[in-house]
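Beneath this line is the structure, given in structure tokens, with notes to follow.
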Amino acid sequence: MRISLRLKLTLLSLLLLLIPLIGFRFSAILQSNLMTSREDALMFTARAVATTLSNRPDIFDRELVHSLNQNRDLYLFHLSNSIRLNGKTDDWQPELLQSEEFGAEHVLSSSVPYSRKSLTFKHLLGQRGKYLYALFLVVDDKVIYRNPNSLYPGKADHLQIGIEDREGNFSRYLLAAEKPGWVNGFLMDPDTENQIPQANEPRIQGVWAETTDGYLIEMRIPLSMVGKRLAFAVADVDESRKRTVNTLIGTANPGKIGELGWLLSPSKNIESLLESLGRPHSRIRVIDENRIVRARFGSLSTGEIAAESTEDRLAPLLKWLNTKLAPVYRIFTEPFTTTFSPTTSQPKKLELQGIEEGLQGKSSITHYHLPDAEIEIMAAITPLVNEGKVMGAVVVEQSTNSILALKNRMIEESIGLTVMAFVIVGLGLLLFASRISSRIRRLRNQAAGSISKDGQITVMQAVRTRDEIGDLSRTLASMLGQLKEQNEYREKMADNLEHEMRTPLAGISASLKNLGLELEKPTQQEQELIHWALTDVKRLESLLTAIRDATNLREALQQDFPEDFDLAAALTLWLEHGLRPGYPDVDFVLHTPEKPAMLHGDADRLRQMVEKLVDNAVSFHLPDTPVRLQLEILKNSFRLKVCNQGPTINRETMAQIFNSMVSIRKHKEKTPHLGLGLFIVRTIVEHHQGSVEAENIERGETGVCFVIRLPR
């Protein structure tokens, strides 16, 4: 397949694709180095926070980090939404997803064999404003409401509450409903044996609502009533006569102050300390040995990525390319969420990879993705030690968005610059290739036009450009000049040869004749020798005459007198009275049109042309095969074909056979041939403003056809 110079240079310009590949590699190396640097910085921050907290042992005692009981302690969430006491759970999202379920392992007392269908509940505790809110989703196969006339609210399904206030005083409350709707608390005697309420407690407010599998209790308590310890228990009554409590399930025993659970919430003291150690766009969390988050500060919100510098002159162009090449960028860049606002609540427990190692005293770095955003989070985890004992761990987290943004920006700029370079360099190479190819084509056309159809050579004009193409042009011009000189010498050689040989031949002929006369009685052998010598002299004279006629043909043609005649009738006449008698052993086949073929030209010269073609065809035809002549009338010309069966002409010599003194005959004949016959044919045809060419017959029987076209 032929590949042009433009295509080669265009393919060469594809090497510019190495630019984005290098950019991709460099961005990957840069990302790796930045990740390592970010990991070191986060680990340094985590260890600094852990060291600061370890130097404050009073915080661990004050924030109840020591000796916690995970089964009865309550975790106080910071609620994301304002809570409306309306018996619906939509306000409790998304913290409701972290609600705990209480069942068989949390049974405080039971007078009957426990059944899961009889009583279980999910519980969530949170803080919003000045209130502590609690939600209970109770599964109860039979709901028993409080008798309005009864003095014992505990003889129905109810909620027990045990509270230690800020002064350390213990109070016990009960929440029961006569029907679905608004409920208030009852202040109960601290002695659990006394089931008669001491007073109503309007500060404890709630809503009791029925559900498909039980009921729902949504309530709130002023934070001023609550200290550090708290417990809840749900009582199940299934029989409406005796109304005895069958099962009591709770977070802890609300009837004894010593068995209440600690109320765990994020420590404001630790958080204020974390605020002084915080990093931009990072989050610090402190967890205890049960993986419960005891303090947090900061946010993973990434904010807006810094805009590109407006001082860069290429910035507008790159910005325009970014809009056009955005689909391409998406293939090679790593997507991430540029801005992030948490839609889920902060977890009560951390289950990150590396937490277990941190609680065992080992520092580690971990990576994870947020489930609700395309953000990768890097976390440094280091143990929190007090008096040689691991009390928890410090987790410092930060998103990798800034690193990914830098990496993506490098990739985008690499692609954008590659596109610009590819366009500029590609256009430059294309123009350069066009310039070179046009010069080569011009040189080719000049070289091709230096040899005319009749074999004449015209010297091309060499260019002065000092490069390889200029050198080639000058070399071709020099070669063509030498060829022209040789061709002119060869054409003049025949005329010079005829002029120089004719006088000696005349002398030889006269001498031979005088020799015959001087011999009185020549022998038979002497007479034959003289006769043969005179015959050869005549033969040479006839050759010289043919050479003279050929060399002077162009001048003789200028003195001819053209006339209008019927070429078809002339061919028939020439064949009958000249060709067939001259070649009695050759079979001729002539095809002429039915209507006259009127031609304006010299009939004698055209007859000479036909005789030369027939002579050539007879010389090369196979025995017992005809020589065919065919005349056709075309729209603007006549086409004459002279064909014979026999050997074909090599393609290399096809264009040379019409030149002077060119012969391809391989066998000797009685009549000498100097390669002038086809030269005469071409000269006569061109004098009549026609053309001649040779065609090989290669389908079926092989041979050669000479085709002459003469204008009508």
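Laboratory data are not the source of any read-out in this text; all were calculated from the coordinates shown. None of these values were measured; they are calculated from a predicted model. Please note: Cβ atoms are built from the backbone with ideal geometry, for glycine as well, and neighbour counts cover all protein chains shown.
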Whole-Hz ³J(HN,Hα) for each residue in segment 684-689, computed from phi via Karplus 6.51 cos²θ - 1.76 cosθ + 1.60 with θ = phi - 60°, x for glycine and proline: what do you get?
5, 5, 5, 5, 8, 6
Could you tell me the calculated FRET efficiency between Asn487 and Thr572, based on Cβ-Cβ distance and R0 = 51 angstrom, to the nearest 0.05?
0.85
Measuring from label point to label point, each 7 Å out along Cα→Cβ, what is the Ser37 to Thr535 span in nm?
11.1 nm
HN-Hα J in Hz across segment 635-651 - Karplus 6.51, -1.76, 1.60, θ = phi - 60°, x for Gly and Pro:
5, 10, 7, 9, 10, 10, 10, 10, 10, 9, 8, x, x, 8, 9, 4, 5
Please compute the Kirkwood hydrodynamic radius of segment 156-267 from all pairs of different C-alpha atoms, in Å with one decimal.
14.6 Å
Based on the alpha-carbon gyration tensor of segment 74-264 and its eigenvalue square roots a ≥ b ≥ c, which shape applies: rounded if a/c is under 1.5, prolate if not and a/b is larger than b/c, or oblate?
rounded
What FRET efficiency would be calculated for the residue pair Leu21, Phe432, taking the C-beta separation as r and a Förster radius of 25 Å, to the nearest 0.05?
0.50
If I take the Cα coordinates of segment 559-711 and project them onto the principal axes, what are the three extents in Å, biggest first?
40, 31, 31
Arrange the following residues from fewest to most other Cβ atoms within 10 Å of their Cβ: Leu79, Leu606, Leu223.
Leu223, Leu79, Leu606
Quick one: of Lys538/Lys612; Lys228/Lys256; Lys130/Lys179, which pairs are farther than 19 Å apart, Cα to Cα?
Lys538/Lys612; Lys130/Lys179
Please list 3J(HN,Hα) in residue order for segment 376-393, calculated via the Karplus relation 6.51 cos²θ - 1.76 cosθ + 1.60 where θ = phi - 60°; whole Hz, with x for glycine and proline.
9, 10, 9, 10, 9, 10, 9, x, 10, 10, 9, 6, x, 10, 6, 9, x, 8
If each residue's Cβ is checked for other Cβ atoms within 10 Å, how do Trp532, Trp208 rank with the fewest at the top?
Trp532, Trp208
Amide hydrogen neighbours beyond the local backbone of Ser637, cut-off 5 Å, H modeled:
Arg712
Taking 0.36 nm per residue of separation and subtracting the Cα-Cα distance, what length does fully extending Glu357 through His369 add?
2.3 nm
So, counting K/R as plus one and D/E as minus one, what does the shell of residues with Cβ under 15 Å around Ser171 add up to?
-1
Given the peptides 463-469, 153-159, arrange them by the average over their residues of other C-beta atoms within 10 Å, most packed first.
153-159, 463-469
Label point distance in nm, Thr523-Ser224, each placed 7 Å from Cα along Cα→Cβ:
17.1 nm
Please give the FRET efficiency for Glu563 paired with Ala506, using the beta carbon to beta carbon distance and R0 = 60 Å, rounded to the nearest 0.05.
0.95
Tell me which residues come under 5 Å, amide H to amide H, from Leu590 once H is placed; ignore anything under 5 positions away on its chain.
Leu629
Between Leu370 and residues 5 or more places away or on another chain, the pairs with built amide H atoms under 5 Å apart involve Ile375, Ile377
Where both partners of a DSSP beta bridge lie in segment 74-264, what percent of those bridges are antiparallel, to the nearest 5?
95 percent
